[in-house]
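The values are calculated or read from the model by the stated rules, or taken from the named source; none is laboratory data. Keep in mind that what you see is a predicted model, and the values were worked out from it rather than measured. We place every Cβ from the backbone using ideal geometry, glycine too, and count neighbours over all the protein chains shown. Quick note on the areas: whole protein, heavy atoms, side chains included, nothing else; ligands and nucleic acids left out. Shrake-Rupley method; radii C 1.70, N 1.55, O 1.52, S 1.80 Å.
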Amino acid sequence: MSFQVFGIPVSRGVAIGRAVLVASSRIDVAHYFVAPHEIPGEVDRLLRARDAVALELTTLKDELPEDAPHELAALLDVHLMLLHDEAFTGGASHWIVERHYNAEWALSAHLEVLARQFDEMEDDYLRERKADLEQVVERVLRALAEAQGDAPASVTPRDFAGEDPLLLVAADIAPADMIQFKRSVFRGFITDIGGKTSHTAIVARSMDIPAVVGTREASRLIMQDDWVIIDGDAGTVIVNPSPIVLEEYRFRQRQSELERARLSRLRHTPAVTLDGEHIELHANIEMPADAEAAVEAGATGVGLFRSEFLFMNRGGELPSEEEQFEAYKAAVIAMKGMPVTIRTVDVGADKPLDRLTASELRHEHVLNPAMGLRAIRWSLAEPSMFRQQLRAIYRASAFGKVRLLIPMVAHLSEVRQILETVRRVQQQLTDAGHAYTRVELGVMVEIPAAAVMLPLLLKHVDFVSIGTNDLIQYTLAIDRADEAVAHLYDPWHPAVLQLISQSIAQSRAAGKSVSVCGEMAGDPAFTELLLGMGLRSFSMHPSQIPAVKQRVLRADAQRLAAALPVILGGDDPQSVAEKELAGMRARAPSVH
Ligand code: PEP
Ligand code: MG
């Protein structure tokens, strides 16, 4: 049966493929394809893990003390029965044989199918056996992990390009897990939770693959293996489409590929407006390896290196100074002399260090993580960790142009502490004989307080970067990851536009460079408006650079500046802007 699910479009484009349902708790299970000749071995690996667990359970049962409660032995019997049920390993093997999934993936895919059958059972006792099934699967997954050495070595996801594309469907995905999907087999994402600038959405955009979040119930309605279309422009998910609808979307997919190819021809064209203003189009990156895509897309620097992703997935351990230094150095070298703006760690809120999703964090740990100990607040609360990161960043400056960016600044006292720490770190490096060069210091304007008191902050820093994702969240008091209030998350809100415009004007008046690195910078709908506000430096995901550049090439910065008071002065900036800009776009010469 064909049906649609609606959500929030967060990453453009159309993806067509089969649904892979993954429970949030099992997202960190490895997902890769095995080569055809490795299939028998992989099935064998699964069976051996099953046998190991069966032995473990039997031994447990045999060794139960005499006085152990009777229920315990009964429970072990249930687990053994589930384990030996042909539907269990037979079902999982099916995914290995038919789809070439690795054993862990096959097992979790099969668990999703079985769990759903349990959910639908009328009988309470039987329905509750789902928890037992999950425990058995956990045990087998652990057994597979323990026998890791047996896993096939040739595990590149691209080996089977001919296979049906796969789309990931999950209730929620933690940013720490999202990062693992960067080079994964998935060609699109659908989640129940999340908003336009939640970090899951940001990572999906950085991967340049279509995504729809905040669907509320996609993971409940879509079945494992269903054919699904993700319309990342409209925020629609079409499940089991009819042949006509499928054809229509295949056509749209081809059109957008052609459009992409056309835009990529602008890669080496300098971003200069019609009236000769040079615009910096920088890249936002999460890992040093992303720098390659930045150069490839024609970025003239890195405007935001979100260093927190280096800190994730490490079971609570932090990366050493040496490890961080190597990562920053790699990005700096890859950018070949272009500036690299490294932001100090911004964990907390919807970016927990470990595999927690935003909702788990909200419910289990902190009352209001977005307003809690995150970003610079965390760094200042952990001074030795902060100094370690600063040392690594400064040492990387010996290899190119490095800029240091501090997230979530709200107090002058924070800037003073940062400056003091920087001085101490410089002294430590000099004493240790490490080379470093001058590193410009910048603060992010993400909290309205910082925007309002910017002239005070500007006296102490070299540059400013406006983080519109958080600035909108805090100005409008809208949790950026909460789909229930996503409709109120409005970049066009007059208060937001006033704060951005004012921050750009004040930075320029103070002779300091200013950039926007939030998602607004990469959305072509805002390019002209930001140019009109006087912005000359934008930072965005590499994949967004060509479309923004096209807007820059067709823009007249002077005329946009003249239109700004009209746009900001009205009740409804969005409709005034659309009207004003449509007229200007119509008169602009076309580029390519
Ligand atoms: C922002 O808040 O706009 C920003 C760029 O930082 P992040 O999205 O990483 O919070
Ligand atoms: Mg931010």
* Asked: What angle do you read, to the nearest 10 degrees and between 0 and 90, between the alpha-carbon axis of helix 103-119 and the longest principal axis of the chain?
  -> 80
* Structure fact -> Expected field for Lys61, accessible surface area in Å² at 1.4 Å probe radius, rounded to 10, holds 70
* Per residue and in cubic angstrom, what volume does the convex hull of the Cα atoms of the range 416-520 have? -> 119
* Determine the order of Met338, Met520 by accessible area, beginning with the largest, at a probe radius of 1.4 Å. => Met338, Met520
* When the dipole is taken about the Cα centre of the chain, and only Lys, Arg (+1) and Asp, Glu (-1) are charged at their Cβ, what size is it in debye, to the nearest 20? -> 3720
* Structure fact -> proj_area_mean for the range 456-508 (convex hull on C-alpha atoms), units nm², value 4.0
* Structure fact -> For Val295, Val464, the accessible-area ranking with a 1.4 Å probe, largest leading, is Val295, Val464
* To do: Round to a whole angstrom and tell me the spacing of the C-alpha centers of the range 379-395 and the range 432-472.
  => 16
* Structure fact -> Cα-based Rg/(2.2 N^0.38 Å) for the range 310-353, rounded to two decimals, is 1.32
* Asked: Once you have the alpha carbon radius of gyration of the range 500-551, what is it after dividing by 2.2 N^0.38 Å, with N set to its residue count?
  -> 1.09
* Asked: Within the range 85-129, what residues put their amide N at less than 13 Å from the label point 7 Å along the Cα-to-Cβ vector of Gln135?
  -> 128-129
* Asked: Taking Cα centroids, how far is the range 483-516 from the range 207-222 in Å?
  -> 29
* Once the Cα gyration tensor of the range 1-146 is diagonalised, what are the square roots of 5 times its eigenvalues, in whole Å and ordered largest first, as equivalent ellipsoid semi-axes? -> 31, 21, 13
* Please calculate how many Å² of accessible area the range 1-143 carries per residue, with a 1.4 Å probe and no DNA, RNA or ligand atoms counted. => 48
* Alpha-carbon radius of gyration plus Dmax, which is the widest Cα pair, for the range 241-304 in Å -> 16.8, 50
* Structure fact -> By the Kirkwood definition, with r running over pairs of different Cα atoms, the range 271-333 has a hydrodynamic radius in Å of 13.2
* Enumerate the whole-percent occupancy of each 10 Å bin, from 0 to the last occupied one, for all C-alpha pair distances of the range 84-123. => 32, 49, 17, 2
* Asked: What does the charge count near Asn240 come to, summing +1 for each Lys or Arg and -1 for each Asp or Glu among other residues with Cβ under 12 Å from its Cβ?
  -> -1
* Using the 2.2 N^0.38 Å rule of thumb for compact globular proteins, work out how the range 37-99 stacks up: its C-alpha Rg over that value, please. => 1.39
* Structure fact -> Computed over the chain: longest principal axis from alpha-carbon atoms vs helix 86-99 long axis, angle to nearest 10 degrees, is 40
* Convert 25 °C to kelvin, take the viscosity as 0.890 mPa s, use the Kirkwood radius over C-alpha pairs of the chain as Rh, and evaluate the Stokes-Einstein diffusion coefficient in µm²/s, rounded to a whole number. => 95
* Rank Arg554, Arg139 by accessible area, highest first, at a 1.4 Å probe radius? -> Arg554, Arg139
* For Arg267, what is the net charge nearby, where nearby means another residue's Cβ is under 13 Å from its Cβ and Lys, Arg count +1, Asp, Glu -1? -> +3
* Ignoring everything but the protein chains, give the 1.4 Å probe accessible area of Arg265 in square angstrom, nearest 10. => 150
* Structure fact -> Cα gyration tensor of the range 189-252 diagonalised, 5x eigenvalues square-rooted, in angstrom largest first, produces semi-axes 21, 15, 9
* To do: Please give the length that would be gained between Ala23 and Arg127 if that part of the chain were fully extended, namely 0.36 nm times their separation in residues minus their C-alpha to C-alpha distance (nm, one decimal).
  => 35.7 nm
* Asked: Accessible area of Glu277, 1.4 Å probe, to the nearest 10 Å²?
  -> 70
* Structure fact -> For the range 454-592, one quarter of the surface area of the C-alpha convex hull, expressed in nm², comes to 9.2
* Asked: How long are the semi-axes of the ellipsoid equivalent to the range 379-443, from square roots of 5 times the Cα gyration tensor eigenvalues, in whole Å, largest first?
  -> 20, 13, 9
* Asked: Accessible area per residue of the range 437-484 at 1.4 Å probe, in Å²?
  -> 30
* Structure fact -> Dimensionless Rg/Rh of the range 192-322, both radii on Cα and Rh by Kirkwood, sits at 1.05
* **Order by protection proxy (mean Cβ within 10 Å, highest first), peptides 186-195, 233-242** => 186-195, 233-242
* Return the carbon/sulfur percentage of the accessible area of the chain, one whole number, probe 1.4 Å, all protein chains in place. => 55
